[in-house]
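Q: This is the structure, below, for whatever I ask next.
Nothing in this text is a laboratory measurement; each read-out follows from the coordinates by a stated rule. Worth saying up front: this structure is predicted, and the values here are computed from it rather than measured. No Cβ is skipped: glycine too gets one built from the backbone with ideal geometry, and neighbour counts run over all protein chains shown.
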Amino acid sequence: MGRPRIALEEVSLTYLTPRGATQALAGVSLAVYPGEFVSIVGPSGSGKSTILSLIAGILQPTAGRVLLDGDPVTGPSQRVGYMLQRDYLFEWRTVTENCLIGPEVQGQDMARARGRVARLLQKTGLTAFADAYPGQLSGGMRQRAALVRTLAIDPDILLLDEPFSALDFQTKLMLADEMWSLLRTEHKTVLLVTHDISEAISLSDRVIVLSRRPGRVKSVHEIRFAGPERPIPFKARGAPEYSGYFHRIWAELDPPGEVNRNVG
Amino acid sequence: MSDEALLARYRRAQRRRRWAVAAAQAALLAAFLLLWELAAARYWVNPMLTSRPSAVWQTLVSMAASGSLWVHVGVTLQETLAGFAIGMALGMGIAVALWWWPALAAVLDPYLVVLNALPKIALGPIFYIWLGHQWSVYGMAVAISVVVTIVMLHAGFSEVEANQVLVMRTFGATRGQILRKVVIPASLPTVMAALKVNIGLTLVGVIVGEFLSARAGLGYLIIYGGQVFQMQLVMTSVVILAVISALLYLAVTWAERLVSRLLHLPVRS
């Protein structure tokens with residue numbers, strides 16, 4: 001499969017606070033190849049989000065290496081887009097201005113960025129709201145805007161931290177289909193973190209199960225569906241292979257840890 | 001009854017209510033002035049001690065005619081606006097520095113707490129000795145507003161949604177970019193609240209400063225009127241001061257509405 005786009009080699013991370021040291025990750029190794037959609041599932045507090053922060057260059061590992069195309073991560077990179085659980089749009093900027101914040105901060109060519117944002121807004125059905133303020137948008141629309149903001153810097157790696165968890169069920173399913181198709185046509189490499197097994201199976205080529213804290217890779221599941229083409233997520237949920245994957249992963253998943261849930 | 005008719009009736013009731021409140025407010029003022037005038041005229045109270053609205057009015061008219069009214073109002077206004085601007089600018093600068101260097105904030109924290117709790121009026125004589133009669137008023141005005149500004153703004157900066165800052169960090173934003181593009185715009189409601197608090201506080205500082213040392217201004221007039229036992233002068237100055245402080249507060253409120261509308265921020269009452 002060639003060289004992985006994202007690789008973690010025996011990565012450990014310990015959070016230090018005045019109350020003590022908490023080991024979030026203990027020797028995690030994983031690889032994501034170009035164009036793959038990989039999900040990490042695990043109970044609350046298994047260090048799922050910590051993995052994304054490490055790849056985004058916001059945290060440095062206590063031990064081990066985090067590599068992008070073989071190069072160690074030293075800080076935030078223009079190649080990596082990181083989408084958080086909630087949109088955290090800036091209320092004082094229009095949708096377009098919000099989406100342009102990344103290119104603006106990185107000093108990219110703004111004319112090109114504008115073109116890219118306009119195209120992405122169109123693909124996500126937000127063109128009519130390009131000049132609206134976030135306060136005028138519904139939850140699903142806000143999350144779409146956040147996706148466009150993440151894609152505006154044209155990253156080839158996308159990190160998604162439970163991007164659907166704050167949405168109602170119907171919106172969640174619709175947006176998952178939309179995002180999946182968009183990211184697939186844009187040939188992005190995607191790493192999604194979730195505690196929703198259905199979401200992970202329906203979207204991914206591979207599902208990595210993380211143990212309870214300190215997080216380590218418990219098992220890896222290749223997700224394959226019969227047929228010439230990968231079904232869209234909504235169809236995948238109804239595919240005959242789905243429930244087998246669901247039960248296997250469910251059996252692997254540790255019950256959630258009760259202490260200090262915010263170390264996600 | 002149709003919805004339109006119900007809505008029209010509801011709106012009429014709301015309008016009536018607003019008028020009734022305004023009328024009651026006007027009536028209260030009129031009754032107070034009338035009672036004051038009457039009490040002084042009938043010697044229920046000693047007019048030497050209380051003055052009376054008609055005497056206040058006459059004083060106002062003669063001061064306006066002689067031009068002294070404008071001189072004193074001008075002096076107080078200028079001191080207030082300058083003190084306000086300096087206090088805000090200084091406070092904002094220091095608050096930004098504290099945000100930029102958290103270690104500095106940690107070191108200075110207890111000193112800010114003490115300075116904030118200290119009644120700044122106690123510093124009046126020190127400013128008089130250090131700055132002289134001309135500048136001590138400004139010292140007083142700035143001292144009284146700057147610490148509150150620092151404390152309020154630094155708290156506001158610290159309360160900016162951590163994940164909005166995280167969004168910026170994922171893009172590799174520098175500290176300066178995070179400050180300019182997130183922390184300051186997100187804190188504008190706090191800045192506006194600080195403006196509102198400060199315009200009143202600065203006026204307090206200016207009047208106290210004038211009590212202590214000035215040769216002109218409304219605070220000087222009040223002290224002078226008290227010393228020569230001219231209550232109509234004291235009362236007139238207090239009335240002018242009330243009008244000025246109300247107008248300044250209104251101006252800040254308007255500015256706040258304008259900024260909120262321009263930036264699409266929720267208006268904080």
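Q: What ranking do B:Trp135, A:Trp92 get, fewest neighbouring Cβ atoms within 10 angstrom at the top? Can you show the working numbers first?
A: Working: B:Trp135 15, A:Trp92 19.
By the 10 Å Cβ count, ascending: B:Trp135, A:Trp92.
Q: Using the 10 angstrom Cβ neighbour count as an exposure proxy, how do B:Val71, B:Val191 rank, fewest first?
A: B:Val71, B:Val191
Q: How many angstrom lie between the Cα centre of the range A:27-95 and the Cα centre of the range B:153-173?
A: A separation of 19 Å, based on Cα centres.
Q: Please check which bits of the range B:15-41 a label hung off B:Thr50 would reach, taking the label as a point 7 Å along Cα-to-C-beta and the cut-off as backbone N under 20 Å.
A: Of the residues in the range B:15-41, B:27-41 have backbone N under 20 Å from the label point off B:Thr50.
Q: Additional query: Can you work out D for the range A:168-256 in µm² s⁻¹ from Stokes-Einstein, where Rh is the Kirkwood radius over C-alpha pairs, the temperature is 20 °C and the viscosity is 1.002 mPa s? Show your work: numbers first, answer last.
A: Working: Rh = 13.9 Å.
It diffuses with D of about 155 µm²/s by this estimate.
Q: Under a straight-distance cross-link criterion of Cα-Cα below 20 Å, which lysines are reachable from B:Lys196, leaving out those fewer than 8 residues away in the same chain?
A: Within reach: B:Lys120.
Q: Using a cut-off of 23 Å between alpha-carbon atoms, which lysines can reach A:Lys172, once sequence neighbours fewer than 8 places away in the same chain are excluded?
A: A:Lys48, A:Lys123, A:Lys188, A:Lys235
Q: For the range B:1-50, treating each Cα as an identical point scatterer without solvent, what Debye log10 I(q)/I(0) comes out at q = 0.26 1/Å?
A: Each listed q corresponds, in turn, to -0.87.
Q: In addition: Just counting partner chain Cβ atoms within 10 Å, what average do the residues of peptide A:129-139 show around their Cβ?
A: Working: counts 0, 0, 0, 1, 3, 1, 3, 1, 0, 0, 0.
Across A:129-139, the average partner-chain Cβ count within 10 Å equals 1.
Q: Follow-up question, since we're still on this one. Are there trypsin sites (Lys or Arg not before Pro) in the range B:167-265 that DSSP puts in a loop and that have at most 14 other Cβ atoms within 10 Å, and which ones?
A: On the way: sites: B:Arg169, B:Arg175, B:Arg180, B:Lys181, B:Lys196, B:Arg215, B:Arg257, B:Arg261; in loops: B:Arg215.
In loop regions of the range B:167-265 (DSSP not H, G, I, E or B), the sparsely surrounded trypsin sites (Lys or Arg not before Pro) are B:Arg215.
Q: Give me B:His72, A:His187 sorted ascending by neighbouring Cβ count inside 10 Å, so fewest comes first.
A: On the way: B:His72 22, A:His187 9.
Starting with the residue having the fewest Cβ neighbours, the order is A:His187, B:His72.
Q: Right, another one. If each DSSP helix of 4+ residues adds -39,500 (n - 2.57) and the sum is divided by the residues in chain B, what number results at 222 nm, nearest 500 deg cm²/dmol?
A: Values: 11 runs with 227 residues, N = 269.
Mean residue ellipticity at 222 nm (helix-derived): -29000 deg cm²/dmol.
Q: Which loop-located chymotrypsin sites (Phe, Trp or Tyr not before Pro) does the range A:161-248 contain, where loop means any DSSP state but H, G, I, E or B and the Cβ has at most 11 other Cβ atoms within 10 Å? Intermediate values should be presented prior to the final figure.
A: Numbers: sites: A:Phe164, A:Phe169, A:Trp180, A:Phe225, A:Phe234, A:Tyr242, A:Tyr245, A:Phe246; in loops: A:Phe164, A:Phe225.
Those that pass, being in a loop and sparsely packed, number zero.
Q: Here's something else I'd like to know. When only alpha-carbon atoms count, how far does the range B:128-174 stretch along each of its three principal axes, as whole angstroms with the largest first?
A: So the extents along the principal axes, rounded to whole Å, are 54, 18, 11.
Q: Say each of B:Val21 and B:Ala39 gets a label point 7 Å from the Cα, pointing the same way as Cα to Cβ; how far apart are those two points in nm?
A: For B:Val21 paired with B:Ala39, the spin-label model returns 2.8 nm.
Q: Compare the peptides A:104-112, A:39-47, B:51-59 by average per-residue count of other Cβ atoms within 10 angstrom and give them in order, highest first.
A: On the way: A:104-112: 13.7, A:39-47: 25.6, B:51-59: 18.2.
Result, highest mean first: A:39-47, B:51-59, A:104-112.
Q: Right, something else. Nearest 20 debye, what's the magnitude of the dipole of the protein assembly as shown about its Cα centre given +1 on Lys and Arg Cβ and -1 on Asp and Glu Cβ? It would help to have the intermediate numbers written out before the result.
A: Details: 49 positive and 37 negative charges, 201 e Å.
My answer is approximately 960 debye.
Q: Would you mind giving the three semi-axes, in whole Å and largest first, of the ellipsoid equivalent to the range A:23-100 according to its Cα gyration tensor?
A: They are 26, 16, 13 Å, listed from largest to smallest.
Q: Can you work out ³J(HN,Hα) from phi for every residue in the range A:26-41, in order, using Karplus 6.51 cos²θ - 1.76 cosθ + 1.60 and θ = phi - 60°, giving whole Hz and x for Gly and Pro?
A: 10, x, 8, 10, 7, 9, 10, 9, x, x, 7, 10, 10, 10, 10, 10
Q: Follow-up. Please compute the modelled spin-label separation between B:Ile244 and A:Gln60, points set 7 Å along Cα→Cβ, answer in nm with one decimal.
A: If labels sit at A:Gln60 and B:Ile244, their model points lie 5.7 nm apart.
Q: Tell me, what HN-Hα J-couplings in whole Hz come from the Karplus equation 6.51 cos²θ - 1.76 cosθ + 1.60 at θ = phi - 60° for each residue of the range B:102-114, using x for Gly and Pro?
A: Calculated HN-Hα couplings, in order: x, 5, 4, 4, 5, 5, 7, 3, x, 5, 5, 4, 5 Hz.
Q: Here's something else I'd like to know. Taking the alpha carbon gyration tensor of the range B:1-90, what are the square roots of 5 times its eigenvalues, largest first, to the nearest whole Å? Working shown, then result.
A: Working: eigenvalues 320, 162, 28 Å².
So the equivalent ellipsoid measures 40, 28, 12 Å along its semi-axes.
Q: Note the per residue figure in Å³ for the convex hull of the C-alpha positions in the range B:40-109. Write out the running numbers ahead of the final one.
A: Details: hull volume 9.8 nm³, N = 70.
That works out to 141 Å³ per residue.
Q: Ok, one more. Mind checking A:84-93 for the average number of partner chain beta-carbons within 10 Å of each residue's beta-carbon?
A: Average per residue, whole number: 5.
Q: Kindly provide log₁₀ I(q)/I(0) values, in the same order as q = 0.10 Å⁻¹, from the Debye equation applied to equal alpha-carbon scatterers of chain B.
A: Relative scattering, expressed as log10 I(q)/I(0), comes to -0.72.
Q: With N set to the residue count of the protein assembly as shown, report its C-alpha Rg divided by 2.2 N^0.38 Å to two decimal places. Display every interim value, and only then the final one.
A: Details: Rg = 32.4 Å, N = 533, 2.2 N^0.38 = 23.9 Å.
Rounded to two decimals, the normalised Rg is 1.36.
Q: Please compute the Kirkwood hydrodynamic radius over chain A, one decimal place, Å, based on all pairs of different Cα atoms.
A: 19.0
Q: Based solely on its DSSP helices, what 222 nm [θ] is calculated for chain A when runs of n ≥ 4 H residues each add -39,500 (n - 2.57) and the sum is averaged over all residues, nearest 500 deg cm²/dmol? Display every interim value, and only then the final one.
A: Working: 9 runs with 85 residues, N = 264.
That comes out to -9500 deg cm²/dmol.
Q: What FRET efficiency would be calculated for the residue pair B:Leu104, A:His247, taking the C-beta separation as r and a Förster radius of 56 Å, to the nearest 0.05? Before the final figure, lay out each step's value.
A: Details: r = 56 Å, r/R0 = 1.01.
For B:Leu104 and A:His247, the calculated efficiency is 0.50.
Q: Looking at the range A:1-139, I'd like the Rg to Rh ratio, where Rg is from alpha-carbon atoms and Rh is Kirkwood's inverse mean 1/r. Let's see the in-between values first.
A: Details: Rg = 18.1 Å, Rh = 17.5 Å.
For the range A:1-139, the value is 1.03.
Q: Per 10 Å bin from zero, what fraction in whole % of the C-alpha pairs of the range B:117-224 is there, up to the bin with the longest pair?
A: Over the range B:117-224, the share of Cα pairs per 10 Å bin runs 15, 33, 21, 17, 11, 3, 0 percent.
Q: Here's a follow-up. Assuming R0 = 56 Å, what is the FRET efficiency of B:Tyr111 and A:Asp71, from their Cβ-Cβ distance, to the nearest 0.05? Provide the component values of the computation, followed by the final result.
A: Numbers: r = 46 Å, r/R0 = 0.83.
E(calc), rounded to 0.05, equals 0.75.
Q: I need the trypsin sites (Lys or Arg not before Pro) found in the range A:22-98, filtered to DSSP loop residues with at most 16 other beta carbons within 10 Å of theirs. Could you put the intermediate results ahead of the total?
A: Numbers: sites: A:Lys48, A:Arg65, A:Arg79, A:Arg86, A:Arg93; in loops: A:Arg79, A:Arg86, A:Arg93.
Hits after loop and neighbour filter: A:Arg79.
Q: Work out the FRET efficiency for B:Ala31 and B:Arg9 from their Cβ-Cβ distance, taking R0 = 35 Å, and round it to the nearest 0.05. Present the calculation step by step, with values, prior to reporting the outcome.
A: Numbers: r = 32 Å, r/R0 = 0.91.
It comes to 0.65.
Q: Return the distance in nm (one decimal) between the two label points of a simple spin-label model at B:Ala64 and A:Arg184, each offset 7 Å from Cα along Cα→Cβ.
A: Spacing of the two 7 Å Cα→Cβ label points: 7.9 nm.
Q: Only Cα pairs under 8 Å and at least 6 apart count here; give the relative contact order of chain A as a rounded whole percent.
A: Details: 533 pairs, mean separation 72.3, N = 264.
Across chain A, relative contact order equals 27 percent.
Q: Relative to 2.2 N^0.38 Å, what does the C-alpha radius of gyration of the range A:80-154 come to as a ratio? Two decimals please. Please report the intermediate quantities before stating the final value.
A: On the way: Rg = 10.9 Å, N = 75, 2.2 N^0.38 = 11.3 Å.
That ratio works out to 0.96.
Q: Mind listing P(r) for the range A:93-135? All alpha-carbon pairs, 5 Å bins, whole percents.
A: 6, 26, 32, 24, 11, 1
Q: With contacts defined as alpha carbon pairs under 8 Å and 6 or more residues apart, what's the relative contact order of chain B in percent? Walk me through the intermediate numbers first.
A: Values: 255 pairs, mean separation 60.4, N = 269.
Answer for chain B is 22 percent.
Q: Taking +1 at the Cβ of each Lys and Arg and -1 at the Cβ of each Asp and Glu, which of B:Phe157, B:Trp70, B:Ala95 sits farthest along the dipole of the range B:39-193 towards its positive end, judged by Cα position relative to the Cα centre?
A: Of the listed residues, the answer is B:Trp70.
Q: Turning to a different aspect of this structure: Averaged across B:171-180, how many Cβ atoms of other chains sit within 10 Å of each residue's Cβ atom?
A: Working: counts 17, 12, 6, 1, 0, 0, 5, 1, 0, 0.
Whole-number average of other-chain Cβ neighbours for B:171-180 is 4.
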